Structure formats: structure tokens, C-alpha cells
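One structure is given below, encoded as C-alpha cells.
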Amino acid sequence: MISLIMLGSIINYLTRSTLAVAAPTLLKELHISAQQYSWIIGAFQGAIMLQPICGYVLDVLGLKLGFAIFAISWSLVNMAHSFAGSWQAFAWLRGFSGSPKDRPTRGHEGNGGLVSRQGAGPGRRRV
């Protein structure tokens, strides 16, 4: 399981930089302005704010099932980027890409790593 999380983390950080590398070509071919590109980036950053919701889903479903669901959804959304023909489509897809993308690579920290009410002393499990 650790190797899957590590592989997911590596792919996650590689794909974060992919749009920045491809941006000059995409901007030219799809006639996207700098302002429209900022909306695409903003959609991704806004979707990152859904991390607590996705963490809650991991807590409810369990790590293995949650990992599978988020990894598959992230893969499908990334594949759908090839069909985007406008900046609005890219913005929506980047938003969807940002929502489940980090969840499998963050581990089982549904509450953002906060400690339960009892604390996380010896023999106590973090929530």
C-alpha cells in the first residue's frame, strides 16, 4: 500500500507541472488569453479546497476503496482533458482534476491530520 501511495505522489507532482509546461502551446492553439488561463489555474486551486470533503469520504469508505475511487476518477478526468476544446472546458476539467487528485496521495487524514478529542498519546489512534 505504501508503494501505491508513493507512486501516486510521484505522478501527482509530475502532473502538476504538466499544464505549466504545455501552457505556451495550449494558449496559442486554443487561443486562450492570459486572463482565461488564470481562470483555469484558479479552478484547480479552488478545487483543492475540497480536500476535507474527500478526506471524509476516505474515512467513511476506507483507504483502499477510497484510494481506488479517487485514483480512477482522477485518471478519467485527466484523460478527458484531451477532449477540451475551449478554456471553459479546461477550467472545469482542471477543477475536477484538483478535487480528487490529492486525496489518494495524502493518506488516511480525513480531518486534515487533526487529533481526536482524546489526544494522540501512546496507544491512542489519530482520527
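For the stretch 2-101, relative contact order (Cα pairs under 8 Å, six or more residues apart, normalised by length) works out to 40 percent. For an R0 of 22 angstrom, estimate the FRET efficiency from the Cβ-Cβ distance between Ser75 and Ala22 and round to the nearest 0.05. Once the sixth-power term is evaluated, E becomes 0.75.
Modelled spin labels at Ser3 and Gln45, positioned 7 Å past Cα toward Cβ, are 3.8 nm from each other. Take each peptide in 2-15, 37-50, count the other Cβ atoms within 10 Å of every residue, and average; sorted highest first, the result is 37-50, 2-15. Calculate, for Leu30 and Ser82, the FRET efficiency according to 1/(1 + (r/R0)^6) with r their C-beta to C-beta distance and R0 22 Å; round to the nearest 0.05. So the FRET efficiency works out to roughly 0.95.
Bear in mind these aren't lab numbers, they're just calculated from the coordinates by the rules spelled out. As the structure is a computational prediction, the values presented were derived from the model and not from experiment. Note that each Cβ is placed from the backbone with ideal geometry, even for glycine, and that neighbours are counted across all protein chains shown.
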